Every structure is written in structure tokens, then in C-alpha cells.
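Q: If you scroll down you'll find the structure; I have some questions about it.
The values are calculated or read from the model by the stated rules, or taken from the named source; none is laboratory data. Bear in mind the structure is a predicted one, so any value in this text is a computation, not a measurement. A quick note on method: Cβ atoms are made from the backbone with ideal geometry, for glycine too, and the neighbour counts reach across all protein chains shown.
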Amino acid sequence: MVDKNCYDISVNGTQTSFGKYFVRIVLLNGTHVNIGENSNLTSQLMDIDINGSKAPNKYGIDQFRFQSDKRLFGYQYSPSVAAEEWTADFRAAAKKACETYPKSCSALIISDGWKIPDDYPVKL
């Protein structure tokens, strides 16, 4: 049964940054959630586009990438360090990574309690 909060679920067999297969879920508010395996098959990837196909479609602004290996963590950050153990040094590293590689901005958002901080480095 399809969740009543979703109106489109599709499976795509073409090659993507997720690997060969991914599932796209489109929520009623237009948010796109793409879920698939990492190309090296060691974890799952999840991209969330909070405004669907509307512009600007840029990582760190309206698109955010996460990884999962039994728990959710910011893209390209190891799950070996639990979020409650993150230090100011980790936050500084996550902020710098977000500045240079916006796909990794999800780690900064997680480290700030799932909020976009005042000093968020990616601007529209």
C-alpha cells in the first residue's frame, strides 16, 4: 500500500549517481526523495529536494544528500562518530566541507540539531 502522503513512487533502471537503481518518492508538498545504493554498494544514499523540480536545484540550498548504513548521517561523513559526540572541531570541518562541496552540507545541518545555522556557508 502506498502511503497517503505520497503521490508518486517510481523506480528507474538507468545509471545514476546512486548506482543502477533508485526509488523516487514525491510527497504531496512537492518534495522529492530519491533513495538508492551507493555506487560501491556499501551504503544507501538519499537525496531530498525540498522544493521538487523548482529552481535552483542546487546542493546545500534546496537539495541535501544523506547516507545510511543502519543510521542516517551526512554525506561523506563516517557514521562511526555519533552525532552527540561531535565536537566544535567536527562542526568546523563540516562547515568547511559544506563551503567547498555542498553535497556534504547535510552533516553541518545534522550537527546543528537539524537546523540551518546563522553562519551557514551556502547562500542562494
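Q: One residue is enough: does region 1-22 have a residue meeting the conditions more than 20 Å from LYS123 (Cβ to Cβ), modelled with pLDDT of 75 or more and not hydrophobic (A, V, I, L, M, F, W, C)?
A: Checked against the condition, which is being more than 20 Å from LYS123 (Cβ to Cβ), modelled with pLDDT of 75 or more and not hydrophobic (A, V, I, L, M, F, W, C), region 1-22 yields no hits at all.
Q: Hey, could you check region 59-78 for residues that are surrounded by 13 or more Cβ atoms within 10 Å (Cβ to Cβ), outside any strand (DSSP E or B) and not aliphatic (A, V, I, L, M) and say which is modelled with the lowest pLDDT?
A: It comes out as TYR77.
Q: Could you identify the single residue in SER111, SER104 that is at pLDDT 75 or above, surrounded by 15 or more Cβ atoms within 10 Å (Cβ to Cβ) and touching a Cys at 6+ places or on another chain (Cβ under 9 Å)?
A: SER104
Q: Another question, then. Take region 31-58 and flag every residue that is at pLDDT 90 or above and assigned to a loop (DSSP other than H, G, I, E, B).
A: THR31, ILE50, ASN51, GLY52, LYS54, ALA55, PRO56, ASN57, LYS58
Q: Given the condition among the hydroxyl-bearing types (Ser, Thr, Tyr), surrounded by 12 or more Cβ atoms within 10 Å (Cβ to Cβ), modelled with pLDDT of 80 or more and not in a loop (DSSP other than H, G, I, E, B), answer yes or no: does some residue in region 79-101 qualify?
A: No, because not a single residue in region 79-101 is among the hydroxyl-bearing types (Ser, Thr, Tyr), surrounded by 12 or more Cβ atoms within 10 Å (Cβ to Cβ), modelled with pLDDT of 80 or more and not in a loop (DSSP other than H, G, I, E, B).
Q: May I ask you to list pairs of residues, at least six apart or on different chains, whose Cβ atoms are under 9 Å apart, with the first in region 26-38 being crowded, with 18+ Cβ neighbours inside 10 Å and the second being of a type in the set (Lys, Arg) and part of a loop (DSSP other than H, G, I, E, B)?
A: Taking only residues 6 or more apart or on different chains, the pairs are GLY36/LYS20.
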